[in-house]
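Asker: Below are the structure tokens for one structure; questions will follow.
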Amino acid sequence: MSRFFKFGKLHVTKGNGDKLLDILLTASKKLKRSRALVGKCPKCGNNIVLKKSFYGCSNYPECKFTLAEHFRKKKLTKTNVKELLEGKETLVKGIKNKEKKPYNAVVKIGEKGYIDFISFSK
Ligand SMILES: [Zn+2]
């Protein structure tokens, strides 16, 4: 990080690096934030983080909310997880059926915290 700042100062003396450094710092902060934060726990409002193979509440063990990383072996996207955590229905694309044919499904978190199948979708 110190190296990065030296680089920035070098340019500031030339008068045009200030803004560039600002942009770079903002961009890297945004990136970090979006990576770390998957969403908020629907039970207690703490952050949801990705554990080894599932999503869990950062307030564990006080809060035991978890969410599977997959639905019918299809990995959920960040958008899927975000929408599920908000209690919304979300579209999971490209799930494979027994004949290995892909289909899309609308799913939602059910009362017990499991992902419920709602309907097929195009
Ligand atoms: Zn929680």
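Asker: Would you mind calculating the gained length between T77 and S28 on full extension (0.36 nm times residue separation, minus the Cα-Cα distance), in nm to one decimal?
Answerer: 15.5 nm
Asker: Return the FRET efficiency for the residue pair K112, N47: r is the Cβ-Cβ distance, R0 is 30 Å, and the value is rounded to the nearest 0.05. Let's see the in-between values first.
Answerer: Values: r = 22 Å, r/R0 = 0.73.
After rounding to 0.05, the efficiency reads 0.85.
Asker: For the range 37-121, calculate the relative contact order in percent as a whole number, restricting contacts to Cα pairs under 8 Å that are 6 or more residues apart.
Answerer: Relative CO of the range 37-121 lands at 20 percent.
Asker: Let me ask another. If r is the Cβ-Cβ distance from Y103 to T66 and R0 is 22 Å, what FRET efficiency results, to the nearest 0.05?
Answerer: In this case the efficiency is close to 0.30.
Asker: Still on this model: Please compare each pair in K19/K93; K78/K112; K64/K101 to a cut-off of 30 Å on the Cα-Cα distance and tell me which ones are over it. Spell out each step's value before the answer.
Answerer: Numbers: K19/K93 41 Å; K78/K112 21 Å; K64/K101 35 Å.
Pairs exceeding the cut-off: K19/K93; K64/K101.
Rule-based calculations on the coordinates, nothing more; no lab input. Keep in mind that this is a model prediction, so the values were computed, not measured. Heads up, the Cβs are rebuilt from the backbone with ideal geometry, glycines too, and the neighbour counts pull from every protein chain shown.
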